[in-house]
Structure formats: structure tokens, C-alpha cells
Amino acid sequence: MTNRRPTRIHCEIDLARDGKQVGYLRVPHSVHRSAYGWLPVPIVSIRNGDGPRALLLAGNHGDEYEGQVALAKLVRALEPGAIRGRVVVMPMANFPAAMAGLRTSPLDEGNLNRTFPGDPDGSVTAMLAHFIEDVLLPQSDFMIDLHSGGSSLHYLPTGMIRVTADKALAARCRALLEAFAPPHAITISMGGEDRTSIAAGLRAGVVTMVTELGGSGTVSPDCLRHAEHGVRRALRHMGILQGGPGADEPPPLAPRWLSIGGDRAYLYAPEPGLFEPRVDLGEWVKSGQSAGAIHDPATPWRAPAEVTFRYDCYVLCKRVPGRVERGDCLFHLASAP
Ligand code: CA
């Protein structure tokens, strides 16, 4: 359901022009310290004639850094002569959140990935979501949104697509993810959250994938490599990046295919306290197996709350901070495909 009202965001660069253009989206932001001010959201267009068009996003969640670094490196390295068509890059999609190193925007508490299709007259986060869905996606053939676990989670390096009723589009999303070739490849079952970038991409008929590459509020060399090499492999698959892989680029691995679906994929803390995990990332676990215990060292004589897995599954993602509140996600779990 695209909002038909026009964006209030001014794009400094002309996305229809050939060459490498760098600049900002000017998001109107009239506040006490800057009456007629705007927020500078970085955007880059690299174009060489007509051809396939890719939209690359990172910093949708501001505390997910691997994609922001990978896309900044890509922007500097990629020249128009090396491509056909166009690549548009937004390395800090939720710019205020990314500048603050926070998942959500400090200006409006906005979680960009729960804000699509956005609102051109709404908060800063809503205006950005609307610009991506209403302006950028309709002029894109492919979208990759690079996420990670952020500050509170850590994911094994993973790429994800979502099941959609459009079988032809679903097959093209799968082919894109296979070309990206992350170590883990996930199919997210149909339905669920419709305010995410992946939902927005599919609404627009755009071949869409997202990643979850690491997290823990930092950048790991391994996950950064998967991001950089995966994006280049994907751009070649799209027909945008010309020529073969560079000498520093290892051959792609065959991904381990898994699936995720429904509420059972999230294991939550039933009590506040200190979490003692009893499994690690990359383990297959059984229904009824102990996932861990939540201790209350302020009442150390009280038995901890036990947490158990409710189905046979694969530990794809774990919580990072030891302190937990009731309702915090401890594990994100995958199943055989
Ligand atoms: Ca994320």
C-alpha cells in the first residue's frame, strides 16, 4: 500500500545521470538549534547507461556496522566503467540511528525496519522509509539490505529471503541469495512482519534479500569479508558488475540452507537476571534440551529459571549481553529447510 503523497526529502544527486555521484538526501529537520535545517543522509549513485538497477542499504539499524563499512568501501572502489546499469547505495539508511550507533533513531525512537511503507509527512524515520519505498524501490530491480545482530545479538553469517506468492519473483530472490553465497541461507516463511525492508522490496516486485552478518556491536573481519565478497558476487549475478572475481576473492561456498518461521523461532527470557547459555552458535539442538538458565545473584539461594528448546532446531543467533529482562530474545532458531 504505497502512500501516494510526494516525499519532502530532496535528493542532491540526479539518479538518472551517468557517472559516480555522491551527495546527501536532505531530510527537512526544523528544530530549535537549526530553524531551516536538514539532515544529511549519504547517498551515492554509480551509473553506466541503461541496465539492471540495484539498491544497496546498510545502517537500517544504526548499530549494525558490517554493512556500513562494506558499502563505504564499495562506494570508494566501484567506478562507472566497471558496471552496466546502476547501483544506488545508502550506507546509513537510518542516518540519525547510525550516527548515534543505536538500533533506533534518537530523534523519534524510530525503528526503520518496522516503519515501511512510511509516511512523507511523518517523523524523520517515517520520511526515510517512505523515500525508500516510494522513490527508490520503484526504480530498482534488486535490493540488498545488509543487517547484523546489532548490539544485543550475534548471528552466524547468514543471508535471508522471504517466501512470496509470486513464484517467479521467489525464484529470482533465491538465485540472488545463491549468488551472494553466505555460509547460511535462510528462507523466511510467508506472512509475518510487513513493515520491514524485505516486505517493502517484495511489495514493489523487487528481487530482494537481506543479510544477518555477525553483530555484537562490532565489526568482525570474517563477517566483513562475507559482506564485501557477497555484494560483489551478487552485483555480478545481476549483470551490473562486469568481469570476473578479483584475485583476493575466494570461490563461493555452497550455503547451508535452513528455514525460519513463526513465533517458535524466538526463545525469550522468562525472568529477569543473568543468563547462563548452555549451547553455542552453530549447534543442532533437540526439543526439551536445556538452552540455559537465568540466575538471580541478588537472591543466590534461589534456583535459577530454566530455559529449554521446544523443538529440534539450529542455533543461528544468540543474545550478547549477560543481563536479561523478561521478554528479551535469547536465541533465534532455524530449522532444516
Ligand atoms: Ca537488523
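The values are calculated or read from the model by the stated rules, or taken from the named source; none is laboratory data. Note that this is a predicted model, so its numbers are computed, not measured. Using ideal geometry, Cβ is built from the backbone for each residue, glycine included, and neighbour counts are taken over all protein chains shown.
Values computed for the structure shown
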quantity: Identity of the residue in segment 46-90, under 22 Å from T218 (Cα atoms) and free of Cβ contacts under 8 Å to residues at least 24 places away in the same chain, that ends up farthest from the ligand (Cβ to nearest atom); calculated: R76
quantity: Within segment 158-176, considering residues that are touching a Gly at 6+ places or on another chain (Cβ under 8 Å) and either more than 20 Å from S148 (Cβ to Cβ) or outside the structural domain of L253 (by TED's automatic domain parsing) (or both), the one surrounded by the fewest Cβ atoms within 10 Å (Cβ to Cβ); calculated: D166
quantity: Checklist (1) modelled with pLDDT under 95; (2) not assigned by TED's automatic domain parsing to the domain that holds A58 applied to P270, failing item; calculated: (1)
quantity: The listed residue being outside the structural domain of R174 (by TED's automatic domain parsing) and not polar (S, T, N, Q), out of P251, P300, P245; calculated: P300
quantity: Enumerated strands (runs of 3 or more DSSP E) restricted to segment 232-337, each holding at least 1 residues that are of a type in the set (K, R); calculated: 256-260, 313-319
quantity: Selection from segment 91-120 of residues that are among the hydrophobic types (A, V, I, L, M, F, W, C) and within 13 Å of the ligand (Cβ to nearest atom); calculated: A93, A97, A98, L102, L112
quantity: Residue check, A165 among the small types (G, A, S), farther than 30 Å from D280 by Cα and away from the ligand (no atom under 15 Å from the Cβ); calculated: yes
quantity: Answer residue from segment 121-153, given it is surrounded by fewer than 21 Cβ atoms within 10 Å (Cβ to Cβ) and within 16 Å of the ligand (Cβ to nearest atom) and is nearest to P28 (Cα to Cα) among those; calculated: S151
quantity: Where G217 falls short, out of the listed (1) within 16 Å of the ligand (Cβ to nearest atom); (2) touching a helix residue (DSSP H, G or I) at 6+ places or on another chain (Cβ under 8 Å); calculated: (2)
